[in-house]
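Here's the structure, in structure tokens; my notes come after.
The values are calculated or read from the model by the stated rules, or taken from the named source; none is laboratory data. Note that the structure is a prediction, hence the values are computed from the model and not measured. Using ideal geometry, Cβ is built from the backbone for each residue, glycine included, and neighbour counts are taken over all protein chains shown. Accessible surface is based on the protein model in full, side chains and every heavy atom, while ligands, DNA and RNA are left aside. Shrake-Rupley method; radii C 1.70, N 1.55, O 1.52, S 1.80 Å.
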Amino acid sequence: MADVPEPVRKCASLLKGTRSDTEKFAALFMVTKLVKGKDCDKAGKKLLFEAIGFPFLKKLLVSKDLPSDCPPLVYKSVALSILTCFCQEEELATHKDIIDAIPTLLEIVEQADDEDYEDNLIVVSEAYSCLKSIASHEPGQQALLATGAIPKMSQIYSAQSFQTDEALHLIVLLVNKFGIVSWPEDPTAFHALIQRIALDMETDHTDRKYELCKILSDILITCKKEIVVNSLEGQIWPESLFKGCGDILKAKIGPKQRDPALHLIATTLQVLGIQWAFMDEQKQFFLMLLQLAAIEVRMQMDEKKLETTFKQADLLTCCFVILEQCIEYMATDQLDLEPKEKQTTYTALKGAFNQVLNVLNRVSQDKIRESSNPRDKNFIFAIVRILSAWLQQETTAMRPAIYKLLPFMLKIANESFHDLKTWRSGPKDGEQPIDVLRIMLPALCHFAVEEEARRVLFTHKQDEVLLESLELYFSIAHWKRPPIPRAERLKRMNEPDPVPTPEQQAEMKEARGAIVSLCNILMNFTVLEPKRAEDSPLFANLLKFVVENLPELKDTPDNLVIHGNLAVLGLLLLKQQSKKVKQNDFSICRYIQATIRFLWDAYNIDESNDPTALVVSIAYKGYWSDLSELWFLGMQTMCGVLPLVPWLSEFALESGWAEGIVKTLKKVKIGTLPPNVKSAYEDFLSQLVDVNADVVAVLKKADALRVCRNHRMMDLGKKLFGD
């Protein structure tokens, strides 16, 4: 107390000695002078805060029952002026009483357009100052989030009230802190806010345009993507962003303008997808964007010191996001390019990726590769990710250089995968780690068929990480309801079954894609490295994983493609490891039943418009481009497995599948059975006859003679009926 200046102590004593609100209010005018003076330090402000008592200040802010010798606005103004000074000190800005006053302060800024405030806008200004100080500290940020400050400020900005930039800066501060949690389930406030800023950005032609680009990036990246994308109907902000960004790309601009524009474009693509780049149904914006991102990558990575390149990590990561989406879109063959455009595009991409490769090579030999700085680490992840996206499409270029760099790329990808695995097994604090391995899997599908690359993969034990990742992605795709504590089971018995959240559904979709790529890689390993697939304990564990988990997979349309992939992978492994398979192994039995279901359900005539035509079943039709080759490979591999594990033929008989094939083909019109389907069924039935004597009688009873005659199944006919 001795450190507090004399005038402040006197004022505090005077305040404590007041006998009425009128006396206390009169003393406040002295406080307003003191708290703004240089003598009033932290201790002085605290003393005055306690002497006034917060209930009195709150009364001045909200009460209608005040002495009538001053307008209510004067009382508010004095109270806010003092509060603003108090809030400059962290100890007071985080004081429970001031935190509790947040709704009152929000109410004042929400009423900025009221006639009451027109003559005294300083009141609104002071309220914003208080909120800004409160928002600088963790307790205040949490309280602002809990009181719905973000949607309220969004409404204020979208209504273009007084001092809306203050509202906007508060929103940016809070969304940067809280990310996706910032927004309620109802996207109305979000859309209104983005629409207002996007329109301002589109129509402004001063430097503010680029400030708004930065603000839009910060806010857009935090949105609840699924909810926002599903509620876009009638919203015009995507078009405003498209026009505004298009104007920037066409203008002569320097780095100060280009960088925020690239950030905004990358963020918009992450939220709205590549279709946003075709809003005018032309390809010019897309091509301009691809060229700009590729040139920027070349310039920023061109023979500079690594430290200089790493300083541009944020900008380069945005360019990588743009390039990744462009490459993915071009791979779908939906883009109709002239020969000259193709050449220009390929040249730009090749130039950019040569630089990416050079930089990654230098990183692999530099101490920066061991950096524990999260920014450096994430940038290295981003470089490996974009190179993987390019290698998924560019399957022949730069091979010797790639093989040399592959061990380092695998090290980085595996590190990112293990970070994710650790994060998922814990309390899931902080942001979800980037999973570079998942992005790298489609490129590894190509490497799996290249002998030199396969040698690198096995030398670095990548097969072990692939099995580990299959286990993790399966646990994500095969979502189970969270366990209910025993004590709560009775009272929650009648609750509806919970469903995955939109975020979980997005994760499940990604995991399913990863499983398909993994099965593709592992199938190639099994076929191209047969000795390893036969002898390696890892491949034995892989078969064990497949036979135990495939029967557990939920029978849903979303799971059909992974069901087929796991079924066929299991057959290929079973063929290689047939010597180790024990007869009537329960898990193998369940696995074979699940595999038969996949192969059996693919074709039927019941769902055809023509009762004599064999068609792909409705359940499979939407996925047939992903399943067609798998089905034929599955039928072919089943034929290879039966002579090695003949007791599996019992399941084809007992399930009724063999008989079902004959009965179905009997109804199919002569000459309409596709040759490849005919061969698949004939080879399978012939193989069954060879390994199981009981099959002949069953097929004959089902009228196999007519089927063999109708569809000219000569080999099967000979086996059943002789020459």
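Do we find that Glu507 is more than 25 Å from the chain's Cα centre (by Cα), within 29 Å of His563 (Cβ to Cβ) and buried (at least 16 other Cβ atoms within 10 Å of the Cβ) in this structure?
Against the criterion (more than 25 Å from the chain's Cα centre (by Cα), within 29 Å of His563 (Cβ to Cβ) and buried (at least 16 other Cβ atoms within 10 Å of the Cβ)), Glu507 does not qualify.
Just to confirm my filter: which helices (runs of 4 or more DSSP H) fall fully inside region 457-563 and include at least 3 residues that are charged (D, E, K, R)?
Ranges flagged: 462-477, 502-528, 530-535.
Among the residues of region 237-251, how many are within 19 Å of His191 (Cβ to Cβ) and open to solvent by 10 Å² or more (accessible area, probe 1.4 Å)?
4
Restricting to region 677-723, count the residues that are outside any helix (DSSP H, G or I) and either in contact with a strand residue (DSSP E or B) (Cβ under 6 Å, 6 or more places away or on another chain) or not charged (D, E, K, R) (or both).
6
Report, by residue number, each residue of region 34-47 that is at pLDDT below 75 and open to solvent by 90 Å² or more (accessible area, probe 1.4 Å).
Matches in region 34-47: Lys36, Lys38, Asp39.
Looking only at region 206-231, how many residues end up being assigned to a helix (DSSP H, G or I) and either closer than 23 Å to Lys177 by Cβ or aromatic (Phe, Trp, Tyr) (or both)?
15
For region 641-654, state whether one or more residues are under 33 Å from the mean Cα position of the chain (by Cα), aliphatic (A, V, I, L, M) and either at pLDDT 95 or above or surrounded by fewer than 20 Cβ atoms within 10 Å (Cβ to Cβ) (or both).
no
Which ones in region 288-305 are outside any helix (DSSP H, G or I) and under 17 Å from Phe379 (Cα atoms)?
Passing the criteria: Asp302, Lys304, Lys305.
Out of region 172-213, which residues are among the β-branched types (Val, Ile, Thr) and within 23 Å of the chain's Cα centre (by Cα)?
Scanning region 172-213 gives Val172, Val175, Ile180, Val181, Thr188, Ile194.
Of the residues that sit in region 611-632 and are surrounded by fewer than 18 Cβ atoms within 10 Å (Cβ to Cβ) and touching a residue at least 40 places away in the same chain (Cβ under 8 Å), which one is nearest to Tyr681 (Cα to Cα)?
The selected residue is Phe632.
Can you confirm whether region 161-181 contains a residue that is among the hydrophobic types (A, V, I, L, M, F, W, C), assigned to a helix (DSSP H, G or I) and touching a Cys at 6+ places or on another chain (Cβ under 8 Å)?
Yes, because at least one residue in region 161-181 is among the hydrophobic types (A, V, I, L, M, F, W, C), assigned to a helix (DSSP H, G or I) and touching a Cys at 6+ places or on another chain (Cβ under 8 Å).
Any chance you could count how many residues in region 463-521 are among the aromatic types (Phe, Trp, Tyr) and more than 13 Å from Asp558 (Cβ to Cβ)?
2
For region 581-610, enumerate the residues that are surrounded by fewer than 21 Cβ atoms within 10 Å (Cβ to Cβ), among the hydroxyl-bearing types (Ser, Thr, Tyr) and either under 17 Å from Met635 (Cα atoms) or touching a strand residue (DSSP E or B) at 6+ places or on another chain (Cβ under 8 Å) (or both).
Ser608
Can you name every residue in region 159-185 that is open to solvent by 40 Å² or more (accessible area, probe 1.4 Å) and without any contact (Cβ under 8 Å) to a residue 24 or more places away in the chain?
Asp165
Got a number for residues in region 670-702 being surrounded by 14 or more Cβ atoms within 10 Å (Cβ to Cβ) and not hydrophobic (A, V, I, L, M, F, W, C)?
The qualifying residues number 9.
So Gly234 passes all but one of these: (1) in a helix (DSSP H, G or I); (2) open to solvent by 20 Å² or more (accessible area, probe 1.4 Å); (3) at pLDDT below 95. Which condition number does it fail?
(1)
Among the residues of region 655-669, write down those that are open to solvent by less than 10 Å² (accessible area, probe 1.4 Å) and in a loop (DSSP other than H, G, I, E, B).
If the condition is that a residue be open to solvent by less than 10 Å² (accessible area, probe 1.4 Å) and in a loop (DSSP other than H, G, I, E, B), then Val668 is the only one that fits.
Could you tell me whether Lys76 is in a helix (DSSP H, G or I), within 22 Å of Pro7 (Cβ to Cβ), at pLDDT 80 or above and open to solvent by 20 Å² or more (accessible area, probe 1.4 Å)?
Answer is no for this residue.
Are there any pairs, at least 6 apart or on different chains, whose C-beta atoms fall under 6 Å, with the first in region 549-577 and surrounded by 20 or more Cβ atoms within 10 Å (Cβ to Cβ) and the second basic (Lys, Arg), and if so, which?
That search, which allows pairs on different chains as well, returns Ile562/Arg512.
Specify which of the listed residues (Ala397, Ala401, Ala382) is under 23 Å from Pro433 (Cβ atoms) and of a type outside the set (Phe, Trp, Tyr).
Exactly one residue qualifies, and that residue is Ala382.
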